[in-house]
Amino acid sequence: MQLTIPKGFFMGAAMSGPQTEGAYKKDHRLESFWDHWSDLSVSDFYNKVGSYVGNDFYERYEEDIKLFKSLHLDSFRTSIQWTRLMDQDQKLNPEGAAFYHKVCACAKENDIELFMNLYHFDMPYYLFARGGWENREVVEAYAVYARTAFREFGKEIRYWFTFNEPIVEPDQEYRHGAWYPFLKDEKRGMQVQYHIALAHSLAVREFRKAKEEGYLLKDAQIGLINAFAPPYTKEDPTPEDLEALRMTDGIHNRWWLDLSTSGTLPGDVLETLKACGMAPEMRPGDEEILKCGRVDWLGFNYYQPTRVQAPKEKVDEAGYPKFADPYIWPERRMNVYRGWEIYPKGIYDFGMKMKREYPDMKFFISENGMGVEHEDRFRNEEGEIQDDYRIEFVQDHLEWVMKAIEEGANCVGYHYWGVIDNWSWSNAFKNRYGFIEVDLMGNYQRKLKKSAHWVKALIERRDGIG
Ligand code: FCB
């Protein structure tokens with residue numbers, strides 16, 4: 001059956017400032033958390049490629065936006081880098097602002113809707129050195145940054161987002177010890193997660209204020225983007241498996257869903273955290289701030305589900321209670337390069353959950369994509385990468401999205417992650433995601449892959465052209 005997508009359904013590209021811009025020392029940009037880590041130990045990055053390079057978007061933004069246009073993509077998301085827009089005195093850096101004004105103008109000229117996110121794991125290093133998200137002052141500094149961005153670009157950007165995947169920093173930096181500073185400390189992780197929830201809420205408050213004061217477009221909207229990994233456990237779960245599911249879902253998904261739909265945090269999760277001495281420190285007045293956290297819509301990044309079961313050990317290495325162990329589903333299919341399960345139906349299950357539990361909240365698929373190593377293997381005689389696996393991946397996911405929409409899910413769009421190959425954190429350029437290849441040995445030159453033609457034809461069918 002030929003896949004079709006409805007008219008008015010956004011089809012676009014997802015990317016981020018720190019993964020694409022490069023030009024890390026231009027415009028008096030500040031050092032980021034990633035630049036610092038790269039300087040400290042570049043061997044932690046695949047092929048020793050640190051954060052400095054991106055995919056040259058800073059120089060090639062015009063070419064890239066025109067490429068999007070040529071594929072009929074109608075929207076794209078990127079992020080402002082805090083380190084480029086602000087100086088250390090928390091004032092606007094006009095050179096950095098000039099770059100983002102150029103990007104806005106170029107999107108407009110090409111009639112592409114720009115979705116702008118404010119934070120994609122990229123803390124300025126001087127703030128990280130002061131404790132990062134563990135420090136309440138950093139929360140305040142983020143609100144100043146958000147206010148500055150709303151005022152500066154208010155008339156140029158319609159769709160704003162406070163955070164991309166706010167769960168990732170608490171997880172990667174504080175819980176799993178995967179990213180610098182490699183901690184495994186659930187309690188500090190919870191404090192970080194709580195402070196990010198506050199920072200998000202303060203930014204939404206600033207957004208509403210800026211709107212009232214006439215700085216924003218009348219129809220401007222604010223949202224939150226998260227990887228709401230749909231949670232599953234065994235088919236015949238024990239009460240302990242269900243408990244593992246409750247806390248995993250609570251910390252990873254409901255925490256952000258409740259915050260962004262009702263301005264609260266899940267009471268059952270906070271109670272469990274309190275009972276085991278892991279509750280974050282809250283201050284009087286915080287509840288009022290959190291109430292501002294309600295957004296206009298949500299972005300759902302979907303790569304893989306979460307499968308959990310009751311933990312074998314009751315406590316972790318640091319002596320904190322353990323809520324769950326991973327569960328390996330015997331039927332799982334893997335993206336072996338990234339180590340992520342491929343489960344397209346998860347996208348539908350999330351849509352149905354939204355319909356049931358948060359019927360007033362619209363959402364879009366803000367990221368979905370497939371990273372593959374050594375794509376050179378798949379070149380045809382003309383040198384074009386034949387990424388049929390990617391086409392299949394996107395098609396399978398979009399089919400489940402369409403089914404969710406038919407059954408009443410309020411899903412309004414789909415952004416493919418990494419339309420142009422980009423830099424991926426500690427994996428650097430190991431896995432390529434793009435519909436468009438970046439030639440690292442050829443000055444970052446762009447080349448279409450087979451999937452680019454496929455997505456173009458898909459959008460042409462939506463629009464009745466071609
Ligand atoms: C997501 C991130 C994004 C990208 C993809 C592959 O978790 O939001 O920056 O690296 O994974």
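What the Cα convex hull of the range 349-414 gives, in volume per residue, is 91 Å³.
What number, in percent, do you get for the relative contact order of the range 36-139 if the mean sequence gap of Cα pairs under 8 Å and at least 6 apart is divided by its residue count?
It comes to 27 percent, rounded to a whole number.
Peptide packing for 208-219, 9-20 was compared via the average number of neighbouring C-beta atoms within 10 Å per residue; ordered from the highest value, the list is 9-20, 208-219.
Modelled this way, with points 7 Å down the Cα-to-C-beta line, the labels at ARG462 and ARG283 are 4.4 nm from one another. Computed on the range 20-89, with alpha-carbon pairs under 8 angstrom and 6+ residues apart, the relative contact order is 46 percent. Stokes-Einstein diffusion of the range 308-402 at 4 °C, 1.567 mPa s viscosity, Kirkwood radius from Cα pairs, rounded to a whole number: 77 µm²/s. Can you work out the base-10 log of I(q)/I(0) for the range 368-466 at q = 0.23 1/Å, using the Debye formula on its C-alpha atoms alone? The calculated log intensity ratios at q = 0.23 Å⁻¹ are -1.25. Considering every alpha-carbon pair of the chain, the percent of pairs per 20 Å bin, from zero through the bin containing the longest distance, is 24, 61, 14, 0.
Over the chain, accessible surface divided per residue gives 40 Å², non-protein components excluded, 1.4 Å probe. So which trypsin sites (Lys or Arg not before Pro) in the range 307-336 pass both tests, a DSSP loop state and at most 15 other Cβ atoms within 10 Å of the Cβ? The qualifying sites are LYS312, LYS314, ARG332, ARG333. Which percent of the accessible area of the range 1-65 is formed by carbon and sulfur heavy atoms (probe 1.4 angstrom)? Of all accessible area on the range 1-65, carbon and sulfur atoms account for 51 percent. An ellipsoid equivalent to the range 247-299, defined through the eigenvalues of its Cα gyration tensor, has semi-axes of 20, 15, 7 Å when rounded to whole angstrom and sorted largest first.
Highest average first, the peptides 81-88, 170-177 ordered by how many other beta carbon atoms sit within 10 Å of their residues are 81-88, 170-177.
How much of the pair distance distribution for the range 181-238 lies past 17 Å, counting alpha-carbon pairs only, in percent? Value for the range 181-238: 64 percent of Cα pairs lie more than 17 Å apart. What a 1.4 Å probe finds exposed on the range 148-253 is 50% carbon and sulfur by accessible area, rounded to a whole percent. Length gained on full extension, LEU242 to LYS447: 69.0 nm, using 0.36 nm per residue less the C-alpha separation. At an R0 of 41 angstrom, the distance between the Cβ atoms of GLU317 and ARG377 translates into a FRET efficiency of 0.55. An oblate overall shape is assigned to the range 226-352, the ratio a/c of its alpha-carbon gyration tensor axes (a ≥ b ≥ c) being 1.5 or greater and a/b not exceeding b/c. From most to least packed by mean Cβ count within 10 Å, the peptides 195-204, 349-358 give 195-204, 349-358.
The alpha-carbon atoms of the range 1-125, seen along their principal axes, cover 51, 34, 21 angstrom, with the largest extent given first. Sorted into 10 angstrom bins from 0, the C-alpha pair distances of the range 1-73 split as 16, 37, 23, 16, 7, 0 percent. Using the Cβ-Cβ distance between LYS7 and GLU62 with R0 set to 25 Å, the FRET efficiency from 1/(1 + (r/R0)^6) comes to roughly 0.30. Could you please state how large a percent of the accessible area of the range 343-466 is carbon and sulfur, counting protein chains only and using a 1.4 Å probe? The C+S portion of the solvent-accessible surface of the range 343-466 is 48 percent.
What is the calculated FRET efficiency for ASP396 to TYR337, with r their C-beta to C-beta distance and R₀ = 22 Å, to the nearest 0.05?
Rounded to the nearest 0.05, the efficiency is 0.80.
The mean sequence distance of close C-alpha pairs (under 8 Å, at least 6 residues apart), as a share of the length of the chain, puts its relative contact order at 18 percent.
The values are calculated or read from the model by the stated rules, or taken from the named source; none is laboratory data. Owing to the predicted nature of the structure, the values given are computational and were not obtained by experimental measurement. In this analysis, Cβ positions are derived from the backbone assuming ideal geometry, glycine residues included, and neighbour counts consider all displayed protein chains. In case anyone asks, the SASA skips ligands and DNA or RNA and just uses the protein heavy atoms, side chains included. Shrake-Rupley method; radii C 1.70, N 1.55, O 1.52, S 1.80 Å.
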